[in-house]
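What follows is calculated from the coordinates using simple rules that are stated; it is not laboratory data. Model, not experiment: these values are computed from the prediction. Here Cβ is always computed from backbone atoms with ideal geometry, including for glycine, and neighbour counts include all displayed protein chains.
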Amino acid sequence: MPIRIYSTLTRQKEEFQTVEPGKVSMYLCGPTVYKPAHIGHMVGPVIFDTIKRYLAYSGYQVTWVVNITDVDDKLIVKANELGTTVEALARKMTEDYLDNLRTLGVDGIDHMPYATQYIAEMQEIIAGLIEKGYAYPLNGDVYFECTKDADYGKLSGRNLTEMLAGTRAETRDGKHNPADFALWKGSKPGEPAWDSPWGPGRPGWHIECSAMARKLLGDTIDIHGGGLDLMFPHHENELAQSESCTGKPFARYWLHNGLLRKSSGGKIGGDHSRHGDARSSVAELVRVQSDEASSSPVRSLTTSATNSTDMMAEKQAQEEQKLAGSKGAESVKTAVFAKFDPETVRFFLMATHYRSPVDFGDDRLEETAKSIDGFYRLIESFTRVTGQDFYALPTPRTRAEAVGWDSVPTKVGAETVVAETNSNVGTESQPTFEAELVVLRTRFLDAMDDDFNTGAAVGALFDLRKTLNGFITDHKLETDGKSNAAAVTTLIRGVTLFKELSNLLGVFLKPIAKKASSGADDEFVNGLMQLLITLRADVRKAKQFEIADKIRQGLTELKVTLEDRPDGTIWRRDV
RNA sequence: GGCGUCGUAGCCAAGUGGCUAAGGCAACGGAUUGCAAAUCCGUCACGCGUGGGUUCAACUCCCACCGACGCCUCCA
């Protein structure tokens, strides 16, 4: 089954065909780094990280670029407010952004270009556009003339003449028409500026992405992504500039992810910041200034948190917590990661369709946390039965490597081959189980092929969990595993499949610290728990269930769950 | 006002012009357990906002209406 992708440009799903066979170039609009990242900023990266994982799994060599906008009006304003420099603020906020991406397991980004390092490339495009008559200088600025671009508006479905008809406003500043946007902005004194043929200034927002995408990925890229809110004007303008400049299609597929909404309503990270909420800067102010003071401008957020500034970090957290009460979007760290495991957040994002808007709130995440708990139970069960570390299981990284799944087509570049058949499928030992695995695997991959339908894929994952648990139950592997080597081998095969598929979504890649079961990082706690469990086992043996239940009840109140299994009691801390 | 998206069970959420409309949470039965927990089995939308239309057949296509939302403002 070929991969199909919905493109905003054509408003339909299209078969995925890359510019270069076997290779994919992918560009995602990154953040303007003027304040700490909020959860909304994480959506695109998580989705495209998953897309990259899947394309790589499908045999493509993927190059993924996410830009950092480190020069912009907002940055200038905010830096002035904080009494710091644009560079320092940008560096700080970039580190925060990256830190959060790492936390969410987004590790597939190949290049993170900074806009300020591509000024020459931007100027080259601007000069070209002027030369071709698509742009005109004006009092130190340079504007793109929308009316010169015949198909301007094709991405967002806007009609330029209608747009212009709607605006009666005078064209300010001598622009040829109101829709014209800045490619280059002449600088005012004190603002960051670069020399240019049109005078000192800085690039417009849209040109940054055009230049970086072109420089790093070429004139035509395969996939261009971003939030739905960027479709107009940002992507429209990017497209207009790039195609006017090169005369080639800018991107083959335009992917737009839906935006997060607060459960209570309203978009996360909405327009509140426009009202100059000085309060929202308090936390950053503390942070930036403390770094400046230390005369070590390259210190990162992470390093500053590791030394003796714990108190300060706590203070910052408190400040940020206050923001929660105000209207601005909260930073991911304080609003989300403080309460939920990043894996829960990622799974939540995977459980719905990337193009849909999603209500984001604590109750939703709590539900997700409950729903994925069973996966951790399965992983623990697997380890008990096989003695193997789930996270160390070798798994195929591409469909081509995943041999043995009868008649599952394997995508290699542009051509389709069929994986070799496996003699194990359909043997008398586990016919139904093996067959079920094949069906579930196909369901999962078909869903992903269909415009990266992670929601449907997650459904297959839940069914796979049930199938695996059922196999363990049916064969009594928790108790008789040692005497049934064949079944254990089959289980390993099934669990390996589960790992292979779930890893494509970027989940269950590594152990979750908080989910430590029957073993805390603290030996003292471990010792106490073992003591309690032993004592409780003794009184249970003596049928003194009241005492046993009292112990269990007391532990429950401490958020510790006991499970009395046939082969002993295990405990788990629910954080 | 212009452009666009969406409305599937108590909640969240996939999906399809025609077999029994995924999955999760919650709930309820049963197995298991001293009781729990975990796990397994079972139940849980004769219907997919409302009203029309096209069709042999629509929840899926078309129209209208109601409702929610997004963009049109350098927000991922």
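Listed values for segment A:537-543 are Karplus-derived 3J(HN,Hα) couplings in whole Hz (6.51 cos²θ - 1.76 cosθ + 1.60, θ = phi - 60°), namely 4, 4, 5, 5, 4, 7, 6, and x replaces Gly and Pro. Taking amide H positions as modeled 1.01 Å from N, with prolines and chain starts lacking one, the residues under 5 Å from A:Gly30 and 5 or more places away or on another chain are A:Asn67.
Computed from backbone phi with θ = phi - 60° and the Karplus coefficients 6.51, -1.76 and 1.60, the 3J(HN,Hα) list for segment A:61-66 is 9, 10, 10, 10, 10, 10 Hz; x is used for glycine and proline.
By other beta-carbon atoms within 10 Å, ranking A:Thr398, A:Thr569, A:Thr32 with the fewest at the front produces A:Thr398, A:Thr569, A:Thr32. Distances between placed amide hydrogens fall under 5 Å for A:Val106 paired with no residue 5 or more residues away or on another chain.
With all pairs of separate Cα atoms included, segment A:447-496 yields a Kirkwood hydrodynamic radius of 12.1 Å. Among the listed pairs A:Lys92/A:Lys333; A:Lys52/A:Lys215; A:Lys370/A:Lys466, those whose Cα-Cα separation exceeds 18 Å are A:Lys52/A:Lys215.
Close amide H pairs (under 5 Å, H built 1.01 Å from N) link A:Leu9 with A:Trp254, residues at least 5 positions away or on another chain. Among the lysines of segment A:470-574, pairs at least eight places apart or on separate chains and with Cα atoms under 17 Å apart come to 5. Oblate is the label for segment A:19-168. Its Cα gyration tensor axes, ordered a ≥ b ≥ c, give a/c of at least 1.5 and b/c at or above a/b. Here the 3J(HN,Hα) profile of segment A:26-35, calculated from phi with Karplus coefficients 6.51, -1.76 and 1.60 at θ = phi - 60°, is 9, 10, 10, 5, x, x, 8, 8, 10, 7 Hz, Gly and Pro shown as x. Here the residues A:Tyr143, A:Tyr134, A:Tyr376, ranked from fewest to most Cβ neighbours within 10 Å of their Cβ, fall in the order A:Tyr376, A:Tyr134, A:Tyr143.
Annotation for segment A:478-502 versus segment A:65-139: alpha-carbon center distance of 49 Å. Using 7 Å Cα-to-Cβ label points, what is the A:Lys550/A:Val525 separation (nm, one decimal)? According to this spin-label approximation, the distance is 2.5 nm.
The lysines whose alpha-carbon is closer than 16 Å to the alpha-carbon of A:Lys267, local same-chain residues fewer than 8 away aside, are A:Lys327. The Cα center of segment A:21-61 and the Cα center of segment A:338-358 differ in position by 15 Å.
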